[in-house]
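Here is the structure we will look at.
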Amino acid sequence: MSDKRQRARVQGSWAKQLPKPSNSQTAGGLNNQPKNAASGTWGFGNQKTSEAFEFHKPSKPIREVPPEKVIEHLGDYEISLRPSGVSRLRLRPGFLTPEEADWMLSKLLAELPWSQKTNYRLGEAYDEPRLTCWYGELPYTYARSTMAANTQWHPLLVALREAVEQASGCTFNSLLCNLYRDGHDGIGWHSDDEASLGPEPTIASLSLGDTRVFSLRKQPSAEDDGDYTYVERIRIPLSHGTLLLMEGATQDDWQHQVAKEYHDRGPRINLTFRTIHPEPEGHRPGTKMRFTAKNP
């Protein structure tokens with residue numbers, strides 16, 4: 001029985017009780033701590049108490065992230081006036097009827113020469129996360145990769161170009177076609193500001209297929225040093241048969257993207273009509289417009 005009395009139940013198991021401290025241990029107790037041990041320091045010796053917290057006013061003004069604007073109704077929108085000039089968007093939902101858009105989507109999916117382009121970034125090759133094809137009398141270079149000239153326009157694309165020219169009041173001599181096969185296809189932040197497109201180019205974008213979000217963000221000011229945290233942002237859901245025109249300084253002062261979406265998305269074709277010019281002399285193909293400006 002004496003052995004049983006020496007054991008106590010601890011958390012569901014049996015264990016022997018700890019031996020009682022000797023008289024020498026109890027005599028010292030807490031009073032036996034080193035003299036230099038400060039109270040409340042948990043035995044880590046002398047420690048300096050922290051100074052009282054002092055509030056210092058931020059050297060830079062506190063800024064709020066501007067809310068993202070949404071554009072989804074027919075209209076002309078001046079989205080900024082500076083620094084390069086007026087940036088304008090013209091949105092035309094229902095430019096094509098649903099029946100027209102359905103027929104054109106199925107025809108272009110089946111009959112255009114879609115292929116996956118290889119681009120280069122920092123010397124590394126990567127495949128674009130979408131399919132493309134190019135039409136125009138001149139080649140087009142972007143992301144250090146060139147699409148060869150192609151004058152064999154599909155008859156339907158010729159008819160669409162004429163309709164877009166009539167609606168926009170602009171003329172176009174080339175077309176970049178993009179096929180987003182599903183939500184995993186997209187295009188990252190960029191501007192269509194190659195020198196071959198000329199100053200303040202007008203880009204006409206016609207959408208066919210599933211709705212995808214077209215996003216824009218303003219270029220940061222020099223004071224922000226490339227930080228996009230506080231820039232203005234716009235999102236535009238581009239639905240089946242919608243025409244969007246980007247005009248003025250939009251390519252100078254804004255970037256745009258179609259982000260990947262991890263939802264069930266069907267195919268979407270984006271036809272981007274533009275006017276292309278010969279590459280400026282003395283510059284490699286695909287050079288950005290800002291790098292061709294002559295210093296005064």
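Could the peptides 172-185, 145-158, 219-232 be put in order, highest first, of the mean number of other beta-carbon atoms found within 10 Å of their residues?
172-185, 145-158, 219-232
Heavy atoms of the protein only, probe of 1.4 Å, neighbouring chains included. What is the accessible area of ARG121 in Å², nearest 10?
So the heavy atoms of ARG121 present about 140 Å² to solvent.
Send over the Kirkwood Rh of region 139-296, from the inverse of the averaged 1/r over different Cα pairs, rounded to one decimal Å.
16.9 Å
Peptides 235-243, 188-196: what's the order by average Cβ count within 10 Å, highest mean first?
235-243, 188-196
Can you compute the label reach from TRP153? Point 7 Å from Cα along the Cβ direction, backbone N cut-off under 15 Å, restricted to region 259-273.
What the label zone holds, given the 15 Å backbone N cut-off, is 271-273.
Just to check I understand the Karplus step: with θ = phi - 60° and J = 6.51 cos²θ - 1.76 cosθ + 1.60, what whole-Hz values come out for region 105-121, glycine and proline as x?
4, 5, 5, 6, 4, 7, 10, 8, x, 5, 8, 9, 7, 9, 10, 9, 9
Could you give me the ³J(HN,Hα) list for region 200-211, computed from phi with Karplus coefficients 6.51, -1.76, 1.60 and θ = phi - 60°, whole Hz, x at Gly and Pro?
Taking θ as phi minus 60°, the curve returns 6, x, 9, 10, 9, 10, 10, 9, 9, x, 4, 5 Hz for region 200-211.
Give me the accessible area of PHE273, 1.4 Å probe, in Å² rounded to the nearest 10.
PHE273 exposes around 0 Å² with every protein chain in place.
A 27 angstrom limit on the alpha carbon distance is what I want to check against. Which of LYS117/LYS288; LYS69/LYS117; LYS107/LYS260; LYS57/LYS218; LYS69/LYS260; LYS260/LYS288 exceed it?
The pairs that break the limit, which is 27 Å between Cα atoms, are LYS69/LYS117; LYS57/LYS218.
If you average the C-alpha positions of region 142-176 and of region 96-124 separately, how far apart do those two centres end up, in angstrom?
Each part's Cα centre sits 13 Å from the other's.
If you average the sequence gap of Cα pairs under 8 Å that are 6 or more apart and divide by the length of region 69-274, what percent do you get for the contact order?
Relative CO of region 69-274 lands at 30 percent.
Quick check: at a probe of 1.4 Å, how many percent of the accessible area of region 69-274 sits on carbon and sulfur atoms?
Exposed carbon and sulfur together represent 49 percent of the surface.
By accessible area of protein heavy atoms, probe 1.4 Å, what ranking do LYS69, LYS218 get, highest first? Show your work: numbers first, answer last.
On the way: LYS69 115, LYS218 25 Å².
In descending accessible area the options line up as LYS69, LYS218.
Under the rule of at least 5 residues apart or a separate chain, name every residue whose amide H is placed under 5 Å from the amide H of TYR142.
Answer set, sorted by chain and number: MET147.
The values are calculated or read from the model by the stated rules, or taken from the named source; none is laboratory data. These figures come from a predicted structure and were not determined experimentally. Counting neighbours? That spans all protein chains shown, and the Cβs are built from the backbone with ideal geometry, glycine included. All accessible areas refer to the heavy atoms of the entire protein, side chains included, with ligands and DNA or RNA removed. Shrake-Rupley method; radii C 1.70, N 1.55, O 1.52, S 1.80 Å.
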